[in-house]
Amino acid sequence: MTTRSWAEPWKIKVVEPIKMTDRRDRERAIRDAGYNTFLLRSEDVYIDLLTDSGTSAMSDRQWAGMMLGDEAYAGSRNYYHLERAVRDHYGYEHLIPTHQGRGAEHILSRILITPGDHVAGNMYFTTTRAHQELAGATFHDVIIAEAHDPASEHPFKGNVDLGKLGALVDEVGAARMPYLSIAATVNMAGGQPISLANLRAVYEFAHSRGIRVILDATRAVENAWFVQQREPGQRDRTVAEILLDMCRYSDGATMSGKKDSLVNIGGWLALRDEKLAEKARNLVVVFEGLHTYGGMAGRDMEAMAIGIEESVQEDHVRSRIGQVLYLGQKLMDAGVPVVRPIGGHAVFLDAAATLQHLPRERFPAQALAAALYVESGVRAMERGTVSSGRDPRTGVNRTPKLELVRLTIPRRVYTQAHMDVTAESVIEVFRKRDQVAGLEFTYEPEYLRFFQARFQPVGAPGIFGEAAMAGAAAGA
Ligand code: PLI
């Protein structure tokens, strides 16, 4: 039997032109951006794989929904549509809308954390941990060891190590642990899923010790797809059924609607407990907006409600994750070191394995992302030492085992041809890897430094070219 090719389950109705820039311009652009891809202008980018956050293409139904925006200050009908979509697909009773995911993390951290508390989670996410630390908590990573090994083929690298979690609870005491912060999928581990069985075991253990479980549901739909594909006994269930089941093993969730839910802005906090929800509603008016819009316009809430319904459709999830796998497979076939198995939202290049001539203090992942841009105009993102930041107590740089560059695929935006060009670009840089120079900080912000930090090459500029030399001569 011959296998047929798969194709995207949509056709294109509106196009946005993009153009290839020339190499000299890109050398200058990355120098002016301090070798930080976050500081590039998007006009200087050819294929933008910086993030899948807020970069999805909305459907015709979502755009039609934008015209149904009810921009009343209070009680917008779009809020009630969103509330219904969240109840139907995630199962939480109380919905508090926020402008995006970190707005929800901020409110949650403030209502649950007392300074001196401890929060454990399956690896960490930058904004999530930053809010926990700002509220006075210490974060502990209790993910399984395989998650820190890019070569491990474990099907559920997002799983919690229950032994580690149990030991932590015994050490710090359940009374100082207001909640567990459990992500599905785990972004920093490479978009890796947590199994339903592990999630259930974590929930049962946490509840036996009086600790809440809060899910980071940002990419939980993608997690549900991996559960369907990989977990024994789940193959005949729909993604929507599995998603609801996953959420049952949590007391609430924070959500960035900018990923799974196919919108450009928006998020929410959802809780089962009425009293906690009341506290959250009280704070949301201080930081985000009234509790029936939380920083979103009515039309944004409508687009998200429709996006949630579209996000759980099997065809959509299959092709979305299939496209990521298509790119990952091309890179693996060419021998480029990547995190395995390929995750849900991105292909992660293993920069530590690729740039073996660079020590961690020279930020190999930051340098590799900058080099890929110079070489091809493809924009990726560092996920390693720079993203990890410094320990807030000691001020020492954290050095995570994973030193990665993330090629993040926006949903419904690029075609397979864009994936082919991306793969060829990465393979070209991989061939020239010896020419990638290391970097040092010229500016290091205090919070979430990866967004705004600036760097310069150290030693011979290699792949960064003449512009880097001119920059060094001018003291840039
Ligand atoms: O960017 P926000 O504030 O809507 O969401 C924050 C956030 C929370 N959790 C997880 C797992 C995320 O991935 C996340 C945001 N991620 C970004 C911006 C990304 O590029 O991955």
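For this structure, a couple of remarks:
- Translational diffusion coefficient (Stokes-Einstein; Kirkwood radius from C-alpha pairs) of segment 310-366 at 4 °C, 1.567 mPa s, in µm²/s: 101
- Global geometry of segment 336-387, whether rounded, prolate or oblate, following the gyration tensor of its Cα atoms and the 1.5 cut on a/c: oblate
- Of the GluC sites (Glu not before Pro) found in segment 7-74, the ones in coil according to DSSP and having at most 11 other Cβ atoms within 10 Å of their Cβ are Glu71.
- Square roots of 5 times each gyration tensor eigenvalue, C-alpha, segment 254-376, largest first, Å: 38, 20, 13
- Ordering of 244-254, 54-64 by packing [mean C-beta count within 10 Å, highest first]: 244-254, 54-64
- Convex hull volume per residue for segment 337-432, taking Cα atoms only, in Å³: 110
- Using a cutoff of 8 angstrom between alpha carbon atoms and counting only pairs six or more residues apart, the relative contact order for segment 115-262 works out to 21 percent.
- Förster radius 30 Å - calculated FRET efficiency between Ala417 and Glu71 (Cβ-Cβ, nearest 0.05): 0.15
- His99 long-range amide H proximity, modeled H, under 5 Å: none
- Global size of the chain as Cα Rg and Dmax, reported in angstrom: 21.8, 64
- Segment 99-218 - Debye-derived log10 I(q)/I(0), Cα point model, q = 0.11, 0.13, 0.17 Å⁻¹: -0.32, -0.46, -0.79
- Helix 364-376 axis versus longest C-alpha principal axis of the chain: approximately 70°, rounded to the nearest ten.
- Helix 298-311 and the long axis of the chain differ in direction by around 80°, with both axes built from C-alpha atoms.
- Burial order of peptide ranges 114-125, 400-411 (average beta-carbon count within 10 Å, highest first): 400-411, 114-125
- Shape of segment 126-169, Cα gyration tensor, a/c cut at 1.5: oblate
- ³J(HN,Hα) computed for each position of segment 198-205 - Karplus, 6.51 cos²θ - 1.76 cosθ + 1.60, integer Hz, glycine/proline x: 5, 4, 5, 5, 5, 5, 5, 5
- D (Stokes-Einstein, µm²/s), Kirkwood Cα radius, segment 1-121, 0.890 mPa s at 25 °C: 123
- Entry note, segment 128-175: relative contact order of 29 percent, from Cα contacts under 8 Å with a spacing of 6+ residues.
- Relative contact order, percent, the chain [alpha-carbon distance under 8 Å, six or more residues apart]: 23
Each value in this text was obtained by applying a stated rule to the coordinates, not by laboratory testing. Values in this document were obtained by computation on a predicted structure and should not be read as measured data. Quick reminder, even Gly has a Cβ in these numbers, built from the backbone with ideal geometry, and neighbours come from all protein chains shown.
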